[in-house]
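Contents: one structure, followed by commentary.
The values are calculated or read from the model by the stated rules, or taken from the named source; none is laboratory data. None of these values were measured; they are calculated from a predicted model. Positions of Cβ are generated from backbone atoms using ideal geometry, with glycine treated the same way; all protein chains shown enter the neighbour counts.
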Amino acid sequence: IFDRIDRVQDKAALTPAERQMLDAGLAEAGTLLPQTKGAAASPLAYDTAAEGLRDTLSLAAIFKVWPGKDVTNPLPALVAVSTIRDRMMADHALWALAQDGPKGRIVSFAAIGHVAKTPVFDHAIFKGLPWPKTYGTNMLAALGDRYRVLVMLGNASTATPAAAKHRNGSLEPVLAAGGVPSMITVRGQSGWWLQQQSIGVHWGRPAQLVPATAADGLMLLDRLTCEPPIRPIKNECPAT
């Protein structure tokens, strides 16, 4: 069943009997795991298994709100799914942070739309709908000033041919004017930095954000190259 979900990327494609079997298996795992706590190799081993189960049950929650591919208006469900997914990301990061104690530190690498402290509008699809609560807003709520965001930008003017789809926004030329590599602090800045600006992305039009509220710092990368993905998409990122 899990193999089929991985292939079709849509639990709605499962038969009713398969859906029932999957839900029952997840519920049984939630019941059985606490019974194994005394036999665990260590408290950390048990906590790790419990965290993995929590992630799995969160995926089950996504299945319950996602109606499948063939719906007239999937946007409300997409907001709900995105909110659950980013909550999972934050929960997992906070769990990992807690393993290192009060002086623990972790570094998360993710798309700006996930990690920013305030919403980054890279698509118009959510127009008129509440914006999903993201990983970044969850982390900010949990950690406050201890959560820091460094946004890395790529300069389209130095992009290799394979990355030519990348287009600059309003931020890249400003950072490039200061010399490359360039890294600046935007936290607490006023004026232009508190106005809506844009950052280039490779999948379409530049994303919109307010630098001084979305991030603590910006770093411009000297050369933007394209790394062929594990699962290539046709005509995307050719191996040159």
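Worth a mention:
- Taken together, the criteria exclude residue 47 from residues that are touching a Phe, Trp or Tyr at 6+ places or on another chain (Cβ under 7 Å), surrounded by 15 or more Cβ atoms within 10 Å (Cβ to Cβ) and at pLDDT 85 or above.
- Per-region count, region 34-69, residues under 24 Å from residue 16 (Cβ atoms) and either touching a helix residue (DSSP H, G or I) at 6+ places or on another chain (Cβ under 8 Å) or not charged (D, E, K, R) (or both): 13
- Taking the criterion of being in contact with a Pro (Cβ under 7 Å, 6 or more places away or on another chain), at pLDDT below 65 and among the hydrophobic types (A, V, I, L, M, F, W, C), the residues of region 185-240 that qualify are 237, 239.
To keep it simple, each residue is scored yes or no on (1) aliphatic (A, V, I, L, M); (2) part of a helix (DSSP H, G or I); (3) in contact with a Lys or Arg (Cβ under 9 Å, 6 or more places away or on another chain).
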site	(1), (2), (3)
52	no, yes, no
58	no, yes, yes
61	yes, yes, no
72	no, no, no
84	yes, yes, no
97	yes, yes, yes
103	no, no, no
106	yes, no, no
109	no, no, no
